[in-house]
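Read through the structure below, which is laid out as structure tokens, and then see the notes.
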Amino acid sequence: KLECSDKTRDLSESAGRPGEDTMSNDRILIAGGGIGGLATAIGLAQQGIASLVLEKAPALGEIGAGIQLGPNAFHAFDYLGVGETARDMAVYIDNLRLMDAISGDEITRIPLDDAFRTRFRNPYAVVHRGDLHGVFLKACIDHDLVELRTSAGVAGYAQDGGTATALLENGEQVTGLALIGADGLWSNVRQQLAGDGAPRVSGHTTYRSVIPVEQMPEDLRWNAATLWAGPKCHIVHYPLSGWKQFNLVVTYHNDAPAPVAGLPVTHEEVRRGFEHIHPLPREIIERGKDWKLWVLCDRDPITNWIDGRVALLGDAAHPMMQYFAQGACMAMEDAVCLTAQLEALSGDVERALTAYQNRRLLRTARVQLQSRAIGDHIYHPDGAHAALRNAIMRAKSTEDWYDEIEWIYGGSGLSEAASIDPT
């Protein structure tokens, strides 16, 4: 975790009596100090707009392991002013590979070479989630228009037509021009705004591990984001941190009934859903260390993210399954869109939030729903369904694949996000 004591403070110790707002109202409040919240803060700062990030945890940092960054993430980095730093910490892989976890054969691959970069105007890379969070955290710490507060969980909100007030868990109230709920899957801001209850439990259980590169089997040390697809299961691996580590993610559709996050588990439990697959990918499970378990959750898309001067962003707005590798990318695109609308329409905050919502709803809904479909129809089928998948995917040329992924990586989504509402 990046040390940031000079720019963050525990709200309970420094902000006065409960109920007292000691700060100016001339800023945007952001609930949540994850990737989406910090990306929004630095995006606003780039446009001269002050913000206050309110983070529930006692320290700013990210848990988890590796994440994948498509070209659309790099489009967002550049808009948000962190492109050079983000590129310096990324690992650039050669291919996206889909393998058959039963036969051990390759199904297809998408080259990420110069032709890919030319087509999509940016690379594809993998990073450690903590490193990516650190890029935005340092940018926020270094900018005078961003204030970061920890131990400041947002329980709800109120508004009076001209301002929005964050109601904190300790009883304090903090007021600003608007409140952006970037407080994740279990967002308190969303619950007040949308009232749609708990997230949907997918029944898919994911186990994660990060190991030193020398512990990865030599014949699997591929410079690729590799996915082994098998009946009701799949395995993902790719290098991290300048090829010092390998990220391992194994997922089993075991009908898990309830949410779980970051629970340590034994090797025996991880092995349980993978006895039927080829010995080569199964060896990955044996090499993993300190496995932790997550039961994957998402939500159905909704058509309203705003309530006056309050808006949702990132996982609070559109939590999705991990199968498109787009959760962080969509949050950063949200930050770009919100920044563009607030900068251009700063005299009318509610109009800007409406424009933001209208630009993001359908794109993020498409990613949410296709992420579910990928799990069911690409990663986890068996028998004839899997054979049909293999035949269809093997028949595609590189250009066919580029055409299929143009909508997500090509930049049109970000161009639309950053465009200004003329109405």
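The values are calculated or read from the model by the stated rules, or taken from the named source; none is laboratory data. Remember, it's a predicted structure, so these values are computed and weren't measured experimentally. As a convention, Cβ positions derive from the backbone with ideal geometry for all residues, glycine included, and neighbour counts pool all protein chains shown. Side chains included, ligands, DNA and RNA excluded: accessible areas come from the protein's heavy atoms. Shrake-Rupley method; radii C 1.70, N 1.55, O 1.52, S 1.80 Å.
A few remarks follow.
- Each peptide among 327-336, 381-390 gets the average number of other Cβ atoms lying within 10 Å of its residues, and from highest to lowest they stand as 327-336, 381-390.
- Other-chain or far-sequence residues with amide H under 5 Å of GLY156's (modelled H): LEU167
- A cut-off of 5 Å between modelled amide H atoms, ignoring neighbours fewer than 5 places along the same chain, links HIS204 with ALA256, LEU296.
- With the convex hull constructed from alpha-carbon coordinates only, segment 344-392 shows a mean projected area of 4.6 nm² over all directions.
- Each residue of segment 128-137 was assigned a 3J(HN,Hα) from its phi angle through the Karplus expression (A = 6.51, B = -1.76, C = 1.60, θ = phi - 60°), giving 7, 4, x, 5, 5, 4, x, 4, 6, 5 Hz with x at Gly and Pro.
- If the Kirkwood radius is taken over C-alpha pairs of the chain, then at 4 °C and 1.567 mPa s the Stokes-Einstein diffusion coefficient equals 59 µm²/s.
- Under Karplus coefficients 6.51, -1.76 and 1.60, residue-wise ³J(HN,Hα) of segment 172-180 in Hz, glycine/proline x: 6, 10, 10, 10, x, 5, 7, 10, 9
- Mean separation of Cα contacts under 8 Å (6+ apart) over length of segment 115-236, as relative contact order %: 11 percent
- About the Cα centre, charge dipole magnitude for segment 74-232 (Lys/Arg +1, Asp/Glu -1 at Cβ), debye: 400 debye
- Mean residue ellipticity, 222 nm, helices only, the chain: the sum of -39500 (n - 2.57) across DSSP H runs of n ≥ 4, divided by residue count and rounded to 500, is -10500 deg cm²/dmol.
- Taking amide H positions as modeled 1.01 Å from N, with prolines and chain starts lacking one, the residues under 5 Å from ALA50 and 5 or more places away or on another chain are ILE28.
- Taken one residue at a time, the phi angles of segment 357-369 give Karplus couplings (6.51, -1.76, 1.60, θ = phi - 60°) of 4, 4, 7, 9, 4, 6, 5, 5, 4, 4, 5, 4, 6 Hz. Gly and Pro are set to x.
- Take every pair of alpha-carbon atoms less than 8 Å apart whose residues are at least six positions apart; their mean separation over the length of the chain yields a relative contact order of 21 percent.
- ILE102-ASP142 pseudo-label distance in nm [points 7 Å out on the Cα-to-Cβ vector]: 5.2 nm
- Solvent-accessible area per residue in segment 303-389 equals 32 Å², computed with a 1.4 angstrom probe and all protein chains kept.
- Farthest toward the positive end of the dipole of the chain, out of GLN368, HIS204, ALA158, is the Cα of HIS204, where the dipole comes from beta carbon charges about the Cα centre.
- Put a plus charge on the Cβ of each Lys and Arg, a minus charge on the Cβ of each Asp and Glu, and nothing anywhere else: the dipole of the chain about its Cα centre is then about 580 debye.
- Measuring nothing but protein heavy atoms, the accessible surface of segment 108-193 at 1.4 Å probe radius is 48 percent carbon and sulfur.
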